[in-house]
Amino acid sequence: MADCLFCKIVGGQIPASITFRDEHVLAFKDVNPKAPFHELVIPLRHIADLSAAGGSDAELLGRLLLAGAARAREAGHGAKGFRVVMNTGADAGQTVFHAHLHVLAGRSLGWPPG
Ligand code: 5GP
Ligand code: ZN
């Protein structure tokens, strides 16, 4: 999508610290990290948010989760733990409307979230 920040990161028009890419998903460091480890995993194909995903996206959503878990493990957070989050919609605090999985680790994470 022409006007989407994360589509521009996928297309290379906006730089990012990319940590993983395959033919389906891209992972990169969050520019404003909320934990010592904070990466975003996004589908290459534009989907606005989790609510806009359908049955045909099931495999892609699974790939996001697996890529996020792999990044957390590779960064050394597999044993102590990590959290994955998909903020969906305004009340959940979503600010970028290209679906993305937050992967957070490296500190004790509070629950419930704010
Ligand atoms: P949301 O609030 O939509 O769940 O998460 C959006 C995330 O994208 C935020 O954590 C924010 O820090 C991150 N972000 C926003 N703009 C950029 C950017 O240009 N580059 C990177 N790497 N992250 C961004
Ligand atoms: Zn997009």
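Read the figures in this text as sums done on the coordinates, not as results from a lab. Everything numeric in this text was worked out from a predicted model, so none of it was measured. Virtual Cβ from ideal backbone geometry, glycine too; neighbours counted across all protein chains shown.
Quick notes
- From helices alone, the chain scores -6500 deg cm²/dmol at 222 nm; the rule is -39500 (n - 2.57) for each run of n ≥ 4 DSSP H residues, then divide by the residue total.
- Burial order of peptide ranges 84-95, 63-74 (average beta-carbon count within 10 Å, highest first): 63-74, 84-95
- Rounded, prolate or oblate (a/c below 1.5 giving rounded, otherwise prolate when a/b exceeds b/c) for the range 10-114 by Cα gyration tensor: rounded
- Net lengthening on full extension, GLU59/LYS29 (0.36 nm per residue, minus Cα-Cα): 8.5 nm
- Remark: the chain carries a charge dipole of roughly 440 debye about the Cα centre, counting +1 on each Lys and Arg Cβ and -1 on each Asp and Glu Cβ.
- Between helix 58-74 and the chain: long-axis angle, C-alpha atoms, 0 to 90°, nearest 10: 40 degrees
- Residue (of ALA99, ALA70, VAL10) at the positive-pole extreme of the chain, dipole from beta-carbon charges: ALA70
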